[in-house]
1. Condition first: within 10 Å of another protein chain (Cβ to nearest Cβ), assigned to a loop (DSSP other than H, G, I, E, B) and within 17 Å of residue B:230 (Cβ to Cβ). Now tell me which residues in region B:139-181 satisfy that.
2. Do we have residue A:91 as outside any loop (DSSP other than H, G, I, E, B), out of contact with any strand residue (DSSP E or B) (no Cβ under 9 Å at 6 or more places or on another chain), over 30 Å from residue B:173 (Cβ atoms) and without any contact (Cβ under 8 Å) to a residue 60 or more places away in the chain here?
3. Would you confirm, using the coordinates I've provided, whether residue B:128 is on the phi < 0 side of the Ramachandran plot, without any contact (Cβ under 8 Å) to a residue 60 or more places away in the chain and more than 7 Å from chain A (Cβ to nearest Cβ)?
4. It is to be established whether one or more residues within region A:83-95 are modelled with pLDDT of 95 or more, closer than 20 Å to residue A:132 by Cβ and surrounded by fewer than 21 Cβ atoms within 10 Å (Cβ to Cβ).
5. Can you name the residue in region B:182-194 that is more than 8 Å from every other protein chain (Cβ to nearest Cβ) and free of Cβ contacts under 8 Å to residues at least 60 places away in the same chain and, of all such residues, is surrounded by the most Cβ atoms within 10 Å (Cβ to Cβ)?
6. Can you name every residue in region B:93-109 that is modelled with pLDDT of 95 or more and crowded, with 16+ Cβ neighbours inside 10 Å?
7. Which is away from chain B (no Cβ under 14 Å), within 27 Å of residue B:206 (Cβ to Cβ) and either crowded, with 16+ Cβ neighbours inside 10 Å or touching a residue at least 12 places away in the same chain (Cβ under 8 Å) (or both), of A:99, A:161, A:143?
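The values are calculated or read from the model by the stated rules, or taken from the named source; none is laboratory data. What you see is a predicted model, and the numbers here were worked out from it, not measured in a lab. Glycine gets a Cβ as well: all are built from the backbone with ideal geometry, and neighbour counts include every protein chain shown.
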C-alpha cells in the first residue's frame with residue numbers, strides 16, 4: 001500500500017467518522033432543538049410553535065388525569081393562552097370534583113414535576129363554576145388523599161377558598 | 001358608463017373613480033376623493049332620522065393612526081380588509097366603563113349593544129415560567145379578529161349558557177395586549193356562566209358577554225366579516241387588576257418565604 005493510498009484511506013475513514021458524528025449529533029440535538037424552538041417561539045414573539053396551534057381545541061379532548069398530564073407535557077412550552085387557560089381550568093375543576101378516585105394515576109407526576117403540580121393548582125381559580133369551588137372546599141378535605149400528596153390536597157382547598165373570595169369581590 | 005372594478009364596485013368611465021355608495025374612490029391615488037362623513041349613531045328604521053348622533057367617526061381610535069385618516073381605504077391595508085360601501089370595516093367595540101360591547105356593521109349601522117365585562121382572574125394554569133398568573137384584562141387598542149376561515153377560528157362551540165364559554169364559542173382576536181404589557185394569546189369574546197352573573201363573571205383574559213351578542217356577531221360575520229375588536233375605556237379596570245395582582249403576588253411570596261423558613265428551622269432542630 002503506497003503512502004498516497006494510505007492517506008486516501010485515512011481521509012475516507014476520517015470523512016466517514018465525521019459524517020457519522022455529524023448525523024449522531026444531529027439526531028441527538030434534534031429533539032432538544034425542537035423543544036428549544038418551541039420554547040423560543042412564545043406568543044410574546046408573535047410567532048407560535050406549530051404544536052401550539054392546536055392548544056386551544058385540545059382542551060376539549062382531555063377527559064382524565066393521565067390525559068391532563070399529556071396535555072400539560074405537550075403544551076407547557078407554549079406560553080400563556082387565555083382560551084386554553086380557561087378551557088383547561090374547567091377540565092381540572094371537573095376532574096377534581098368528579099374523578100378524585102383516579103387522582104392516584106398521576107400521583108408520581110404530581111410529586112416529581114413541580115411545574116405540573118403548579119399547573120393543576122392554577123386550574124382551581126375564579127373562572128371555574130362556583131358549584132365546583134364549593135365542592136372542592138367542602139368535600140376534598142373529607143376525601144382520601146393519595147399517599148405523598150398531602151400538601152397538594154391541602155393547597156387545592158386553599159386555592160378553592162381564595163378563588164371563591166375572588167369571585168365574590 | 002359604469003363597469004365593475006376594484007372590489008366589484010362600479011367604475012365611472014368619465015372620471016375613472018369607483019363608486020362605493022357613500023363616496024368615490026380613486027384607484028389612481030389609492031384613496032377616497034372625499035372624507036368619511038359617517039357620524040355613527042343609531043338610525044330609526046321607520047323615519048330614517050338619527051336617534052343618536054356622534055360627532056366623531058365611530059371607527060376612529062387614537063391608538064391606531066390609520067383610523068384617523070378619513071380619506072384612506074381600509075386603513076391602508078387592502079390585503080386584510082374590504083370596504084363594501086365606502087365606510088370602514090365592521091367593528092366590535094368594547095367599552096370598559098359602560099361595560100358593554102357594540103357591534104357596528106360595515107355599513108355603519110349598529111347591530112346591537114349588549115352587557116359585557118373583562119373581569120379577569122389572577123390565577124390560571126400556565127405553561128412553564130409563567131408562575132400560574134394570568135396576564136390580566138386587555139389594554140385599550142384595536143385588535144384584529146382571527147379570520148373565520150382560519151384553522152381554530154372558533155373554539156368551544158356547543159356549550160350551555162352556564163358553561164365556561166357558552167354555546168356560541170369564542171370570537172378570537174389577535175395580538176391583544178394584557179395588563180402585564182405582554183401579548184395576550186387566545187383572548188376573545190364569549191359568553192357563558194349565565195348562572196354566575198354572566199358578563200361580569202371572571203375569565204382568563206377574554207371579554208365575556210351574552211350568548212345573544214356572540215350569536216349576533218357570528219350571524220353578521222357570516223355575510224359581513226367582523227374584522228376588528230376595539231377595546232376602549234378599560235384603563236381603570238387594567239389598573240385595578242394590576243393592584244390586586246401585585247397584592248396577591250406579594251402575599252404569596254411572603255407565604256412561600258415563611259414556609260421556607262419553617263422548613264429550615266425544622267431541619268435545624270433535627
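1. B:175, B:176
2. The answer is no for residue A:91.
3. Taking the combined requirement at face value, the residue does not satisfy it.
4. yes
5. B:192
6. Selection gives B:93, B:94, B:95, B:96, B:99, B:100, B:101, B:102, B:103.
7. Step by step, each of A:99, A:161, A:143 is checked, and only A:99 is away from chain B (no Cβ under 14 Å), within 27 Å of residue B:206 (Cβ to Cβ) and either crowded, with 16+ Cβ neighbours inside 10 Å or touching a residue at least 12 places away in the same chain (Cβ under 8 Å) (or both).
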